[in-house]
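Novice: One structure coming up, written as structure tokens, with questions to follow.
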Number of protein chains: 2
Amino acid sequence: TKRRRNTGPNFNLLLLIISQLGLHTVEGVWPLPQALASSAERYSLNPQAFDFAYGKRSAAQQGCSVLDAAFKRYFTLIFQDYTSANDVLQLSEDKPFTVEVSVDHDDCESYPKEDSSEKCEFEPIYLWQSTTNKEIDDFPRFQFRGILLDTSRHYLPVQAILKTLDAMAYSKFNVLHWHIVDDPSFPYQSYTFPDLSSKGAFHPVTHIYTQSEVRRVISFARLWGIRVLPEFDSPGHTKSWGKGQSNLLTPCYRGGTPSGTFGPINPVLPSTYQFMERLFKEVSSLFPDSYIHLGGDEVDFSCWRSNPTVRSFMQKMRFGVDFTKLQAFYMENIVNITSALNKTSVVWQDVFDYHKRVMVEVWREGCYLCEVRKVTKAGLRVILASPWYLDQAGPKHNWARYYSVWPLAFKGSEEQKKLVIGGEVCMWGEYVDATNLAPRLWPRASAAAERLWSDEKQTSSVAKAFPRLQDFRCMLLRRGIQAEPLTIGHCQHEYLGV
Amino acid sequence: TKRRRNTGPNFNLLLLIISQLGLHTVEGVWPLPQALASSAERYSLNPQAFDFAYGKRSAAQQGCSVLDAAFKRYFTLIFQDYTSANDVLQLSEDKPFTVEVSVDHDDCESYPKEDSSEKCEFEPIYLWQSTTNKEIDDFPRFQFRGILLDTSRHYLPVQAILKTLDAMAYSKFNVLHWHIVDDPSFPYQSYTFPDLSSKGAFHPVTHIYTQSEVRRVISFARLWGIRVLPEFDSPGHTKSWGKGQSNLLTPCYRGGTPSGTFGPINPVLPSTYQFMERLFKEVSSLFPDSYIHLGGDEVDFSCWRSNPTVRSFMQKMRFGVDFTKLQAFYMENIVNITSALNKTSVVWQDVFDYHKRVMVEVWREGCYLCEVRKVTKAGLRVILASPWYLDQAGPKHNWARYYSVWPLAFKGSEEQKKLVIGGEVCMWGEYVDATNLAPRLWPRASAAAERLWSDEKQTSSVAKAFPRLQDFRCMLLRRGIQAEPLTIGHCQHEYLGV
């Protein structure tokens, strides 16, 4: 019999049931569910007599757009060869089979939120049997399971982003952190400030994200159960902003005169904050998610230091020569802007050193759990990224490295542990674009995904996980995801390469 | 105006002329030609009035299948947007333009050979001018410019191999070294010994190369100017052979009894050589190339040492306990078989230590030029692979590393230098299959390609080569090759990723 393996986002759990009952085997289920009742019985499934249904206790009922769309997608995936192959039909029995899905919240028409429930139950209804058993009960270990895509160092065509969302869902990632702009290019099309992309993008037409494209990404992501969290990193990492917005970046000086080069955003001009307020107002209304990432990392003080206007502002504000105070002044202003727009701010860990009021993303190497401990001790929520910089390649950066991460292995109270809301795989774009994005992400990112979804005790062994991840990788190939091999071997259906 | 850049195999040089005369710029030409006359004049090309022709002095004339096919391919590449875009037509003039191609040998209907001439001239004929100038004169620095593909550790679908041949041609690679079988699987379909693939392949139907598929690869490669050099590595690296051919591998012993495991091919049985003779007879008639690669690397002696029959054979032959003598005995027998089949044998460098009669491929790390020197001193031809193991990834394994290789930088006579016939990029398959083959090969392999094609003095600077290689990489994308980025930036036409 054909082997099939199934996993997916939220709703992929019901495929697990099918794998229990039908042609399927359980090995390739990834990430591992929290609870799974399995019996030795096996039935063949007949696509003509198979259906999904809403459980009676389910908060969502018929017409739920998210679940209806998922039913359709997964029906196709379960019966992939339905139209072409005969073996499924030959093997199948005529007994009707229904999978009842129950969720505890009706989040059907809204965008996925930070507190969206991802708890669900799957109950197979055998009409030829009197017993019904709840087969799967599942929920994530961490609420925030993200992938960062960097569309500034290289432009990623919208198609590549949508394909990534699809692949993310199979590993139950639920946040796309869209690092949309940075030094090299500004591809975000602003209606308020059209010059930002027309002058700051690699190309004003082909290398931008129009607002309708952004909306397309967001609405696609919604049906896949994925939030889209935009990042507009400042005051550093903003070289491309300066091309379309004059007087925004700090003019650097050399020997008492402007050198012609520019540094971070100029924090001393009121016009800066007026600009940022208008930009964030637009961004906040385009991106429905309640989070916004403000960056704040790697600010180089040398240009600020060289600028006489900045220096006199420092004096006026009694900052002395401590430029972190100037940086804090800037970030507080930006956080106030986004707070007024009802957004929850996230910043890179650098900001925590001088501003201890917003959610922190830990990214630096070294003792990252020390940093997690510090941040949670201050009562702030934290997202862990340090161990999952997947833009790095090479034999040492293998899946096992990304699997063997223990986000809560620091000394701290239960309250502190709860503040670790999740983690994120970062795919920085220096050497990555649509040509190598997929094989560099998959299946290595899936290792991080299981760490963030599954019970740690059930998934502590790299050796045990290995064959299951190999199976899962073959399933990704079958679903058209260009996931690279883990080691010598083969899949039943290979990627054809063209 | 649209930028277009053109390079390709042998015949791609004529595109260089076009780049001189038409809409094209010269920066992206890769590898750099030996001689190129350039003028400041620029003309737009009209596809309606453009043609290729055979030069009067050319050894090949109309009807030459290789050149006719190349004319067709490159016409399409030059006028890529011919059918859809209007800009070319709008820009173009009505003046007829012909590129005359002259080659010095008529290799039109045969397979490319080791001594095939790759010298060619391109002469643009302006019918609206009286002067004609020979614009390009080119020839390779090294005769052998190969890429090794490993189809045993992972199966590569035929489509992926053909796509690689296409990409190879753009960088002027002219040998596909097909490492077709190895320990993990035996995908080559032998008619003489059908069990080899039916039992030794990952799958007997989907994961084999039928003989007609092998022929398809060879005849495709011919029209692209590429030789196909098969490798049947023995006596080590043969685990998969044992599955379909009993009594071929050496039974290993533990404590005086067979352990159930098997080692290298058994060199003491006459049946071994009868088998190898029949296999190589079939292989030799299927693969037209005059070279055959016999492997001979990494032979583990422990199993031979454990086997009492092998030990008594050693005694009989007066080899004592020197198993390299047994290995030499084996390799000599194999070389005799292939010599009788009129094939030129190539072996990995390990063999040179005890058998100094055939062409050597140097692959070990360390002072590889010391090895090149030794081999050439013994009067043998050598192929250099050590510095070009591109299966390795990571920031240190970048294109500049593969560019900064000087194959002749050893102390030796002119005669010795001539024995260095070329080099080879190795793409071993432990972590590589069709999902990541293209971005891992390109454009890094193109760096090696220029080293093997172009004049060393004209191409000694990494810094000068960099922008040209970036342009070339964009051209590869435009031609549908999934070449990964070298650094931050963009191409006019990005790879769409789906």
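Novice: Is the range A:477-490 home to any residue that is open to solvent by less than 10 Å² (accessible area, probe 1.4 Å) and under 20 Å from the mean Cα position of the chain (by Cα)?
Specialist: The answer is yes, given that some residue of the range A:477-490 is open to solvent by less than 10 Å² (accessible area, probe 1.4 Å) and under 20 Å from the mean Cα position of the chain (by Cα).
Novice: Out of all the residues in the range B:468-475, is one or more farther than 30 Å from A:Cys474 by Cβ, over 16 Å from the mean Cα position of the chain (by Cα) and not in a helix (DSSP H, G or I)?
Specialist: Within the range B:468-475 (the criterion being farther than 30 Å from A:Cys474 by Cβ, over 16 Å from the mean Cα position of the chain (by Cα) and not in a helix (DSSP H, G or I)), the answer is no, since none of the residues qualifies.
Novice: A follow-up question, please. What number goes with the only condition from (1) open to solvent by 10 Å² or more (accessible area, probe 1.4 Å); (2) away from chain B (no Cβ under 14 Å); (3) touching a strand residue (DSSP E or B) at 6+ places or on another chain (Cβ under 8 Å); (4) more than 20 Å from A:Val362 (Cβ to Cβ) that A:Lys239 does not pass?
Specialist: Only one criterion in (1) open to solvent by 10 Å² or more (accessible area, probe 1.4 Å); (2) away from chain B (no Cβ under 14 Å); (3) touching a strand residue (DSSP E or B) at 6+ places or on another chain (Cβ under 8 Å); (4) more than 20 Å from A:Val362 (Cβ to Cβ) is unmet by A:Lys239, namely (2).
Novice: While we're here: In the set A:Val335, A:Val351, A:Val347, which member is assigned to a strand (DSSP E or B) and either touching a residue at least 12 places away in the same chain (Cβ under 8 Å) or closer than 19 Å to A:Glu231 by Cβ (or both)?
Specialist: Going through A:Val335, A:Val351, A:Val347 in turn, the sole match is A:Val347.
Novice: Moving to a separate point now. Does the range B:291-304 include one or more residues that are of a type in the set (A, V, I, L, M), in the same structural domain as B:Arg227 (by the TED database), in contact (Cβ under 8 Å) with a residue 40 or more places away in the chain and closer than 21 Å to B:Ser198 by Cα?
Specialist: No, there is no match, as no residue in the range B:291-304 is of a type in the set (A, V, I, L, M), in the same structural domain as B:Arg227 (by the TED database), in contact (Cβ under 8 Å) with a residue 40 or more places away in the chain and closer than 21 Å to B:Ser198 by Cα.
Novice: Which one is nearest to the other protein chains (Cβ to nearest Cβ), of the residues in the range A:442-472 that are under 21 Å from A:Gly146 (Cβ atoms) and open to solvent by 10 Å² or more (accessible area, probe 1.4 Å)?
Specialist: That would be A:Arg444.
Novice: Within the range B:420-441, which residues are within 14 Å of another protein chain (Cβ to nearest Cβ) and outside any loop (DSSP other than H, G, I, E, B)?
Specialist: Across the range B:420-441, the qualifying residues are B:Met427, B:Leu437, B:Ala438, B:Pro439, B:Arg440, B:Leu441.
Novice: For A:Lys464, which of the numbered conditions (1) assigned to a loop (DSSP other than H, G, I, E, B); (2) free of Cβ contacts under 8 Å to residues at least 12 places away in the same chain fails to hold?
Specialist: That leaves (1) as the condition not met.
Novice: So for the range A:359-370 (the condition being within 23 Å of A:Asp322 (Cα to Cα), out of contact with any Asp or Glu (no Cβ under 9 Å at 6 or more places or on another chain), at pLDDT 95 or above and crowded, with 21+ Cβ neighbours inside 10 Å), does at least one residue qualify?
Specialist: Within the range A:359-370, none of the residues are within 23 Å of A:Asp322 (Cα to Cα), out of contact with any Asp or Glu (no Cβ under 9 Å at 6 or more places or on another chain), at pLDDT 95 or above and crowded, with 21+ Cβ neighbours inside 10 Å.
Novice: Tell me, please, whether a residue that is more than 13 Å from every other protein chain (Cβ to nearest Cβ), out of contact with any helix residue (DSSP H, G or I) (no Cβ under 7 Å at 6 or more places or on another chain) and small (Gly, Ala, Ser) can be found in the range B:139-148.
Specialist: Yes, there is a match, as at least one residue in the range B:139-148 is more than 13 Å from every other protein chain (Cβ to nearest Cβ), out of contact with any helix residue (DSSP H, G or I) (no Cβ under 7 Å at 6 or more places or on another chain) and small (Gly, Ala, Ser).
Novice: Still on this structure: Residues of the range A:199-215 being part of a loop (DSSP other than H, G, I, E, B) and buried (at least 17 other Cβ atoms within 10 Å of the Cβ), which ones?
Specialist: Once the filter is applied, which keeps residues that are part of a loop (DSSP other than H, G, I, E, B) and buried (at least 17 other Cβ atoms within 10 Å of the Cβ), the range A:199-215 yields A:Ala201, A:Phe202, A:His207, A:Ile208.
Novice: If we only count strands (runs of 3 or more DSSP E) wholly inside the range B:74-186, which ones have 1 or more residues that are among the basic types (Lys, Arg) and at pLDDT 95 or above?
Specialist: B:144-150
Novice: Scan the range B:479-491 and tell me whether some residue there is more than 12 Å from every other protein chain (Cβ to nearest Cβ) and over 18 Å from A:Thr151 (Cα atoms).
Specialist: Scanning the range B:479-491 turns up at least one residue that is more than 12 Å from every other protein chain (Cβ to nearest Cβ) and over 18 Å from A:Thr151 (Cα atoms).
Novice: It is to be established whether one or more residues within the range A:404-412 are crowded, with 19+ Cβ neighbours inside 10 Å and among the basic types (Lys, Arg).
Specialist: No, that holds for no residue.
Novice: Please find, among B:Lys325, B:Lys396, B:Lys377, the residue that is more than 30 Å from B:Pro270 (Cα to Cα), surrounded by fewer than 20 Cβ atoms within 10 Å (Cβ to Cβ) and either at pLDDT 95 or above or of a type in the set (A, V, I, L, M) (or both).
Specialist: Just one listed residue meets the conditions, B:Lys377.
Novice: Among the numbered conditions (1) at the interface with another protein chain (Cβ under 8 Å from one of its Cβ atoms); (2) without any contact (Cβ under 8 Å) to a residue 24 or more places away in the chain; (3) at negative phi, tell me where A:Gly497 comes up short.
Specialist: (3)
Novice: Considering only strands (runs of 3 or more DSSP E) fully contained in the range A:245-307, which possess at least 3 residues that are open to solvent by 10 Å² or more (accessible area, probe 1.4 Å)?
Specialist: A:249-254, A:257-265
Novice: Also, I was wondering about something else. Please find, within the range A:382-408, the residue that is farthest from the other protein chains (Cβ to nearest Cβ) out of those that are of a type in the set (Ser, Thr, Tyr) and over 22 Å from A:Glu430 (Cα atoms).
Specialist: A:Ser404
Novice: What's the total number of residues in the range A:207-245 that are of a type in the set (D, E, K, R) and over 22 Å from the mean Cα position of the chain (by Cα)?
Specialist: Of the residues in the range A:207-245, 2 are of a type in the set (D, E, K, R) and over 22 Å from the mean Cα position of the chain (by Cα).
Novice: Suppose we filter the range B:159-193 for residues that are touching a helix residue (DSSP H, G or I) at 6+ places or on another chain (Cβ under 8 Å), crowded, with 20+ Cβ neighbours inside 10 Å and within 14 Å of chain A (Cβ to nearest Cβ); how many remain?
Specialist: Of the residues in that region, 10 qualify.
Novice: Looking at B:Leu196, is it closer than 30 Å to B:Phe139 by Cβ and open to solvent by less than 40 Å² (accessible area, probe 1.4 Å)?
Specialist: no
The values are calculated or read from the model by the stated rules, or taken from the named source; none is laboratory data. Just so it is clear, the structure is predicted and the values come from calculations on it, not from any experiment. When we count neighbours, we look across all protein chains shown, and the Cβ atoms used for this are built from the backbone with ideal geometry, even at glycine. These area figures cover heavy atoms from the full protein model, side chains too; ligands, DNA and RNA do not enter into them. Shrake-Rupley method; radii C 1.70, N 1.55, O 1.52, S 1.80 Å.
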